[in-house]
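This report refers to the structure that appears directly beneath it.
The values are calculated or read from the model by the stated rules, or taken from the named source; none is laboratory data. Remember, it's a predicted structure, so these values are computed and weren't measured experimentally. Neighbour counts are summed over all protein chains in view; Cβ atoms, including those assigned to glycine, are modelled from backbone coordinates with ideal geometry. The accessibility values were calculated without ligands, DNA or RNA, using every heavy atom of the protein model including side chains. Shrake-Rupley method; radii C 1.70, N 1.55, O 1.52, S 1.80 Å.
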Amino acid sequence: EQARIGVTGLAVMGRNLARNLARHGHPVAVHNRTSARTKALVEEFGDEGTFLPAETPEQFVASLERPRRLVVMVKAGAPTDAVIEEFAPLLEPGDMIVDGGNAHFADTRRREASLRERGVHFVGTGISGGEEGALNGPSIMPGGSPESYAALGPLLEDISAKVDGTPCCTHVGPDGAGHFVKMVHNGIEYSDMQLIAESYDLLRRAAGLAPAEIAEVFRTWNTGRLESYLIEITAEVLAHTDAATGGPFVDVVLDQAEQKGTGRWTVQTALDLGVPVGGIAEAVFARSVSGHADLREASRNLPGPARTGGGAGAGFADAVEKALYASKIVAYAQGFHEIQAGSAEYGWNIDPGAMATIWRDGCIIRARFLDRIRAAYEADPHTPTLLTDAHFAEAVGDAQDAWREVVVTATRLGIPAPGFATALAYYDSLRADRLPAALTQGQRDFFGAHTYRRVDRDGSFHTLWGGDRTEVGT
Ligand code: NBP
């Protein structure tokens, strides 16, 4: 018997993906550099479906039906290149290598171009949902050629999460498009998590609620428009009691957030593309600030406001809910802007509404809200920003008083709320009739003769600042 698809790299993600494929009735070849993992998988879960274990790459490749579909689930970076080098010589034109790791899209573009020369399809694929998603239905974002999707799509859609029967998997676009979109997904995830963390901090320090009470607030929010996986698990974490101390779990965790890099990549890429993603950037920086223990220790005695807690009146939790919803809309608007900019830059032709559709389940940012984004792009596929969609514009408009109040309260009490504050500043910047960028242009022209454009005439202009200050046009 031949396998329909193979998975090499059987750590948590690869193992669960292989099991997911087998459970769906697809005979799956399995291979791992260290063969103990392969054996363990078949011993523990062999009864879940048809597994064809292989000890060597040659055996693995020989057990795959043609054209071969080979999924690589190894550590991103050099290991992925090593595995490609190992397997590519064993493949034939038309075969497909699917990289399901968290690769940088630029690496995926390089690998795709190089394998294309050998006639092998390289399909950089974003997979979200962690180990649980890999087993029970992840959100899958495949890039690569349309031909490869024709051969892989049905299999990937079959094992993906579903919303009302619609798979959380679609062809994102050529070469690195899938990994690009997965990267931005993770950037949005950073932003969403930061906004939730700020909400918790404000409810605790400004409103004086205990973690267990805040868990209840989040549970309530999870029955409304904020309903999402991240809000749900936030309530779980806040309600959890530490066995050792008997106190709230959140109080015994060291307050230094770590990161693996996809949030940073989202921001670096946004800088290259010239896309303002302040919400995502502040989320990455907030983790970075938290990790600088030495800096924080040295700064501990810097003065703050006289009053550092309380002062949040009745209705504050509702105000925070509104600030959170409005800031979340901004975070997603910024993330989708980056997707559209990347798509234009690299010629991917990504359908943003389809991305919202496949994020509705299976992934970490799954939320009721994503259906709204899908609907917004359905109503206007070319909308320059989600903020002007009728639903979102109304929601943000309704929220704005509360949003401002929350940022003011945080500022007054000295509670950092960079996510809320930057989201509001972005909103107000977009709304502004005039921005002080006009002055910036004047300064640039003054010190560097960088020229400026005028509101009333076409062309570039320069004022002779060092001379008689007449204006010259170019
Ligand atoms: P890891 O990222 O921990 O990678 C371990 C796997 O890589 C093992 O199978 C290991 O083989 C293999 N490997 C390494 Br390391 N170097 C190798 C080499 N030079 N040649 C061949 N194989 C090599 O596994 P994971 O956590 O399952 O994640 C797999 C991929 O999925 C990663 O790219 C990750 O970023 C991505 N991802 C993870 C999650 C998650 O929640 N964990 C979610 C979404 C995406 P060995 O057994 O012989 O050491």
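Okay, here's what the table says:
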item: Looking only at the range 95-109, and only at residues there that are surrounded by fewer than 22 Cβ atoms within 10 Å (Cβ to Cβ) and within 12 Å of the ligand (Cβ to nearest atom), the one that is modelled with the lowest pLDDT; result: Asn102
item: Residues that are open to solvent by 60 Å² or more (accessible area, probe 1.4 Å) and in a strand (DSSP E or B), drawn from the range 455-471; result: Glu471
item: Given (1) away from the ligand (no atom under 16 Å from the Cβ); (2) under 32 Å from the mean Cα position of the chain (by Cα), number of the condition Gly49 does not satisfy; result: (2)
item: Residue in the range 137-147 that is within 14 Å of the ligand (Cβ to nearest atom), farther than 25 Å from Glu345 by Cα and either in contact with a Gly (Cβ under 7 Å, 6 or more places away or on another chain) or not acidic (Asp, Glu) (or both) present; result: yes
item: Checklist (1) part of a loop (DSSP other than H, G, I, E, B); (2) open to solvent by less than 10 Å² (accessible area, probe 1.4 Å) applied to Thr38, failing item; result: (1)
item: Failed condition for Thr308, given (1) open to solvent by 50 Å² or more (accessible area, probe 1.4 Å); (2) in a helix (DSSP H, G or I); (3) in contact with a Gly (Cβ under 8 Å, 6 or more places away or on another chain); result: (2)
item: Failed item in (1) open to solvent by less than 10 Å² (accessible area, probe 1.4 Å); (2) part of a loop (DSSP other than H, G, I, E, B), with His171 passing the rest; result: (1)
item: Residues that are of a type outside the set (Ser, Thr, Tyr) and either assigned to a strand (DSSP E or B) or in contact (Cβ under 8 Å) with a residue 24 or more places away in the chain (or both), drawn from the range 41-58; result: Leu41, Phe45, Glu48, Gly49, Phe51, Leu52, Pro53, Ala54, Glu55, Pro57, Glu58
item: Single residue of the range 59-94 satisfying the filter (in a helix (DSSP H, G or I) and charged (D, E, K, R)) that is least open to solvent (accessible area, probe 1.4 Å); result: Asp81
item: Whichever residue in the range 1-20 is away from the ligand (no atom under 15 Å from the Cβ) and modelled with pLDDT of 95 or more and, among such residues, is surrounded by the fewest Cβ atoms within 10 Å (Cβ to Cβ); result: Gln2
item: Restricting the range 110-134 to residues that are among the aliphatic types (A, V, I, L, M) and either part of a strand (DSSP E or B) or open to solvent by 30 Å² or more (accessible area, probe 1.4 Å) (or both), the residue that is farthest from Phe87 (Cα to Cα); result: Ile127
item: Any hit, the range 174-181, residues being more than 21 Å from the chain's Cα centre (by Cα), modelled with pLDDT of 95 or more, over 21 Å from Glu132 (Cβ atoms) and in a helix (DSSP H, G or I); result: no
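Per-residue answers, yes or no, for (1) within 23 Å of Val406 (Cα to Cα); (2) part of a loop (DSSP other than H, G, I, E, B); (3) open to solvent by less than 40 Å² (accessible area, probe 1.4 Å):
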{"site": "Leu203", "(1), (2), (3)": "yes, no, yes"}
{"site": "Arg219", "(1), (2), (3)": "yes, no, no"}
{"site": "Ile231", "(1), (2), (3)": "yes, no, yes"}
{"site": "Ala244", "(1), (2), (3)": "no, yes, no"}
{"site": "Glu258", "(1), (2), (3)": "no, yes, no"}
